[in-house]
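Asks: For reference, the structure I am asking about is given below.
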Amino acid sequence: MKKIKTIFDNIGLPRLIIGLFFVGLVITSLVLGFDAGPLFSDVLRRWLMYGILVLAMIPGVQSGIGLNFGISLGISAGLLGAVLSMEISYLGNWAEKFGAGSAWLTLLLALTIGIVLAGIVGTLYGLLLNRVKGSEMTVSTYVGFSVIAFMNIVWLSFTFKNGELSWPLQGKGLRNTASLAGSFGGILSNPDVVKNTQPAWLHWLAFRVGGVTIPLGLILVFALCCFIVWLFFRSKLGIAMSAAGENQLFTRSSGINVDRKRIQGTAFSTILGAVGIIMYAQTYGFLQLYNAPLMMGFAAVASILIGGASVMRAKISHVLIGALLFQGILVTALPVVNEVIEIGTLPEVLRIIISNGIILYALSKTKGGNQ
Amino acid sequence: MKNNNFLKKLGTYLFENKVMIAFAIVCIGAIIVSKSPMSFIVDGVITRIGRNTFTVLALIIPVVAGLGLNFGIVIGAIAAQIAVFWSVYWGFQGIQGMLICLLMATPLAILFGFLVGKLFNKMKGAEMIAGLILGFFADGLYQLLFLVIIGGVIPVDNPTIIISGGVGVKNTIDLTNNLKYAIDSVRMVDMITILFYAMLIITAVKAVLHLLKKYTFKKPDAINFGIIAVIFALSYIPVIERWLFADRLVLLQVLTIALIIIGLLQVYKIVKEKLINKNANFLLAKPIFTIILCGVIYGLTYIPKVEDVLLTVKIPLLPFILIALLCLFNQKILDTRFGQNMRTVGQSQSVAMASGINVDRTRVLAMIISTVLASWGQLIYLQNIGTFSTYGAHTQIAQFAIAALLVGGASVQKATNRQALIGVLLFHTLFIVAPQAGKNLFDNAQLGEYFRVFVSYGVIALSLAMHAWKLVKKEMAPTSQDT
């Protein structure tokens, strides 16, 4: 009996409810006669698509800044990198020069610009967060919103030559959603794209087994990111960072510069955010600019909390479980709901309730414990 | 020496009001760049002040009680919107429909405010982030109610407001023939009549209580009733009655009346202090300066351009009266014992606890008041705007109200009526001129729109960061002394 209770405590009530809900949805959809193949493919795709964004929460939580609602900074840096890289590749006529390689070069350049920008912005952001210790989450939420609003102005003022990015007639401002079909969209995850554009020796990047699509390239990238994070928190720097997040006074007395560790953690989180949004766009096939990323930070925060993380502690297993459950519910809910009652927006409503409910629950847990 | 002192005072004044001043400069710049006609701007600003100020004023009490900026007013707005939906669904119209809304929204808001207050007591120190998330969460439940439960669980049948499948409420509900201008269009004559009967009942009750020896009937009671009765009697004089039939007044008239009232108040002050109380320390300079200022402002109205604007713009009266009453309420409640308790709780919870104040209860009460006021504010907003966008009307409420309050110079710990009023004025001026200014400057109206949104987010981010910074400094100070 005691053992059951410990297991129950380890899983936690919200995770248990949401997990059961997910299992229920999957069973219902199978009973209702939906094809298991596409369903499973969709869950897998969405899971990996959001995975790195959720992973970006770990350095934030571990270094002590809490849930990084300001991941929008990293997202904006990533988007900026993608947009600039696409424009450069268009101006340099990469498609003719490099053929199938141009998509890879564009992706690499996007990642490079994104990571560099995110590193700079993240460091500055870390400096700010050190000044507002204790209120990081409130401040970062609104910093995140402000950045998205600021980027709206930036997107609107760019005048780019690339027709896939800019509005066709006005010549000023970027599109709301820019297709990546001619660029790096789907080159790691979409079997059709891989087959049509890539040489035969790269066809393993994405393929179909039965009805299930395996985006092996994306899986490898996600696994690599997880591995880097895992390795990082086993390095000296990573351990010092976790210590700084756990107990500031103790860490300071053992000679570690807590503020610096927090800045590094914030920068790392922001960089992962930039990588995350580029991989997201790659999988989705479109770049979403303007207000689309406004609430993405909330989804990432909710995911890692569902996975079992708290404001003080987060692990890679939390990322894997959380992203799977959260995205899994959203994917499976739509067809099931449509079968029962025809309200297409219900999964969206569900997303709002679940994500904010879980964040609220986590906040009440930590703050309530301090009383 | 005196000059130096004055400069110093001016310096601190400028520093304390830096946000407001910076914003005023941006506003003036935007007005000049936009080249919009003045009458258009003034008209827009007046409309928006009437529409939004009540909600902004609802934020003040939680700030006083130490709960910070109440992002949870979204929940008050939701209470109002549930009431509006049912009132429209049942087919009520005009002021009657508005009263139904009020009767439904108030208890709902009290319940919601109670729950939010309870939750905030569990998360002391994290009220703002909790309120923000709670707002999103409540929005999700609201959507569930309006999209699925109404029609899906509760049977409803009204093709004009329900989606054709019979489940869920349409995106927008037109209020044109039922609630639009239900508050704006209340005539003065009706207000006076209602006020008279209300006073009559109150006075009668007091008189009965006096006879029962439970209350001593005082002279002011009789005088107050007398004044109302005289005004009520005056309203039967045909000329005045015709004038009172109006529900809106031209701005010029309102301004004139306001200036006269302010002037008379100052004269009353002088007479009271100098002649009755014989207060030697009383300085004449301030009231006389105010009177002269009123005179100058009145004189300015004779400039043809100003007069044109003042004559074209009309003010709906009741919303502005309600706003004035709420200002008065915010002011007066601080003088009561409850208000004092709130202030103590706001300054230091441990001190409040030590002096025997029930901290949790005070905080819950503050949240209830704020939520109820926010729901009333949303009713005023919806009846003025005339179309109820079912899934969008409440989403931005907290953000815009808080940004407006902060623009007026308020902070997380201090907010006053004056800051709220100035903030609404500045914030909504920018709202009106920003698109046109963006168009003239960058040939793109959308850019002005985005700039405005950026400002509203940015000002909140900035003031939250400054508040947090101050808190950290405060914490650091004693430790640095120790070492």
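Asks: Could you work out [θ]222 nm for chain B from helices alone, using -39500 (n - 2.57) per DSSP H run of at least four and dividing by all its residues? Round to the nearest 500 deg cm²/dmol.
Replies: -24500 deg cm²/dmol
Asks: Here's another thing I want to ask about it. In peptide A:126-132, what is the residue-averaged number of other protein chain Cβ atoms found within 10 Å of each Cβ?
Replies: 3
Asks: While we're looking at this one, here's another question. Given points 7 Å out from each Cα along the Cα-Cβ axis, report the A:ASN196 to B:THR290 separation in nanometres with one decimal.
Replies: According to this spin-label approximation, the distance is 7.5 nm.
Asks: Evaluate the range A:55-186: find the radius of gyration of its Cα atoms, find its Kirkwood radius, and give the ratio Rg to Rh.
Replies: Here Rg/Rh amounts to 1.05.
Asks: If a/c stays under 1.5 just call it rounded; otherwise compare a/b with b/c (prolate if a/b is bigger, oblate if not). Do that for chain B, with a ≥ b ≥ c from the square roots of the Cα gyration tensor eigenvalues.
Replies: rounded
Asks: Report the full-extension gain for the segment B:GLN347 to B:LYS18: residue separation times 0.36 nm, less the Cα-Cα distance, to one decimal in nm.
Replies: Difference between extended and current length: 116.1 nm.
Asks: Ratio of the protein assembly as shown's C-alpha Rg to 2.2 N^0.38 Å, to two decimals?
Replies: 1.06
Asks: Please rank A:TYR290, B:TYR13, fewest neighbouring Cβ atoms within 10 Å first, as an exposure proxy.
Replies: B:TYR13, A:TYR290
Asks: Still on this structure: Taking θ = phi - 60°, what integer Hz values does the Karplus form 6.51 cos²θ - 1.76 cosθ + 1.60 yield along the range B:152-162, in sequence order, with x for Gly and Pro?
Replies: x, 10, 8, x, 10, 9, 7, x, 6, 10, 9
Asks: Could you give the length gained on full extension between B:ILE194 and B:PHE338, defined as 0.36 nm per residue of separation minus the Cα-Cα distance, in nm?
Replies: Between B:ILE194 and B:PHE338, full extension yields an extra 48.9 nm.
Asks: Each residue of the range B:262-267 in turn: what ³J(HN,Hα) in whole Hz from Karplus with 6.51, -1.76, 1.60 and θ = phi - 60°, glycine and Pro shown as x?
Replies: Listing the rounded values in order: 4, x, 4, 4, 5, 4 Hz.
Asks: Which percent, nearest 5, of DSSP beta bridges in chain B are antiparallel?
Replies: 90
Asks: Which value in nm describes the separation of the simple spin-label points at B:TRP90 and B:ASN224, placed 7 Å from the Cα toward the beta carbon?
Replies: Distance between the two pseudo-spin positions: 3.1 nm.
Asks: Ok, one more. Where does chain A land at 222 nm, in deg cm²/dmol rounded to the nearest 500, when only DSSP H runs of n ≥ 4 count, each adding -39500 (n - 2.57), divided by all residues?
Replies: -23500 deg cm²/dmol
Asks: Right, something else. Would you please give the FRET efficiency between A:LEU91 and B:SER185, computed as 1/(1 + (r/R0)^6) with r the Cβ-Cβ distance and R0 = 60 Å, to the nearest 0.05?
Replies: With a Förster radius of 60 Å, E is 0.50.
Asks: Mind listing the phi-derived Karplus ³J(HN,Hα) values for the range A:175-180, rounded to whole Hz, using 6.51, -1.76 and 1.60 with θ = phi - 60°, and x for any glycine or proline?
Replies: These are the phi-based 3J(HN,Hα) values: 5, 5, 10, 9, 6, 9 Hz.
Asks: Also, quick follow-up: Starting with the fewest neighbours, write out A:MET49, A:MET295 ranked by other beta-carbon atoms found within 10 Å of each beta-carbon.
Replies: Neighbour counts put them in this order, fewest first: A:MET295, A:MET49.
Asks: If you take each beta carbon of peptide B:337-344 and count the beta carbons of other chains within 10 angstrom, what is the mean?
Replies: Taking the mean over all residues of the peptide, I get 0.
Asks: Separate question: Answer rounded, prolate or oblate for the range A:44-93, using the Cα gyration tensor with square roots of eigenvalues a ≥ b ≥ c: rounded when a/c is under 1.5, else prolate when a/b is larger than b/c, else oblate.
Replies: oblate
Asks: Can you give the FRET efficiency for B:ARG361 and A:LYS5, using 1/(1 + (r/R0)^6), R0 = 35 Å, r = Cβ-Cβ distance, to the nearest 0.05?
Replies: After rounding, the FRET efficiency stands at 0.50.
Asks: Any chance you could check the Cα centroid distance between the range B:203-259 and the range A:11-36 for me, in angstrom?
Replies: The two parts, judged by their Cα centres, are 66 Å apart.
Asks: For a quick check, take a GNM of chain A with Cα springs below 10 Å and name the residue from A:PHE158, A:PHE69, A:PHE22 with the largest mean-square fluctuation.
Replies: Looking only at A:PHE158, A:PHE69, A:PHE22, the biggest GNM fluctuation is shown by A:PHE158.
Asks: Counting only residues 5 or more places away or on other chains, whose amide H sits under 5 Å from the amide H of B:ILE173 once H atoms are built in the peptide plane?
Replies: HN-HN under 5 Å from B:ILE173: B:PHE388, B:SER389, B:THR390.
Asks: Roughly how compact is the range A:35-295, stated as its Cα Rg over 2.2 N^0.38 Å to two decimals?
Replies: Dividing the Cα radius of gyration by 2.2 N^0.38 Å gives 1.07.
Asks: Run the simple label-point estimate for B:ASP443 and B:THR160 please: 7 Å along Cα→C-beta, distance reported in nm.
Replies: Those two pseudo-labels are separated by 4.6 nm.
Asks: Moving on. Based solely on C-alpha atoms, express the radius of gyration and the Dmax of the range A:1-116 in angstrom.
Replies: For the range A:1-116, the Cα-based Rg and Dmax read 21.3, 68 Å.
Asks: Right, next: Calculate, for B:LEU209 and A:GLU246, the FRET efficiency according to 1/(1 + (r/R0)^6) with r their C-beta to C-beta distance and R0 60 Å; round to the nearest 0.05.
Replies: 0.40
Asks: Where a ≥ b ≥ c are the square roots of the eigenvalues of the C-alpha gyration tensor, would you call the range B:276-362 rounded, which needs a/c under 1.5, or, failing that, prolate if a/b is larger than b/c, or oblate?
Replies: oblate
Asks: Sorted from fewest to most neighbouring beta carbons within 10 Å, what does the list B:MET38, B:MET367 look like?
Replies: Exposure proxy ranking, most exposed first: B:MET38, B:MET367.
Asks: Here's another thing I want to ask about it. Tell me, how many Å apart are the Cα centres for the range B:404-483 and for the range A:225-260?
Replies: Comparing the Cα centres of the range B:404-483 and the range A:225-260, I get a distance of 35 Å.
Asks: If you count, for every residue in B:438-451, the Cβ atoms of partner chains within 10 Å of its Cβ, what is the mean?
Replies: Going residue by residue through B:438-451 and averaging, the value is 3.
Asks: What's the center-to-center distance, using Cα atoms, between the range B:374-393 and the range B:2-36 in Å?
Replies: Here the answer is 33 Å between Cα centres.
Asks: A further question on this structure: Normalised by the number of residues in chain B, what is the relative contact order in percent for Cα pairs under 8 Å and 6+ residues apart?
Replies: This gives 33 percent for chain B.
Read-outs: derived from the displayed coordinates by stated rules, not from any lab. This structure is a prediction, so every number in the text was calculated from the model and none was measured. No Cβ is skipped: glycine too gets one built from the backbone with ideal geometry, and neighbour counts run over all protein chains shown.
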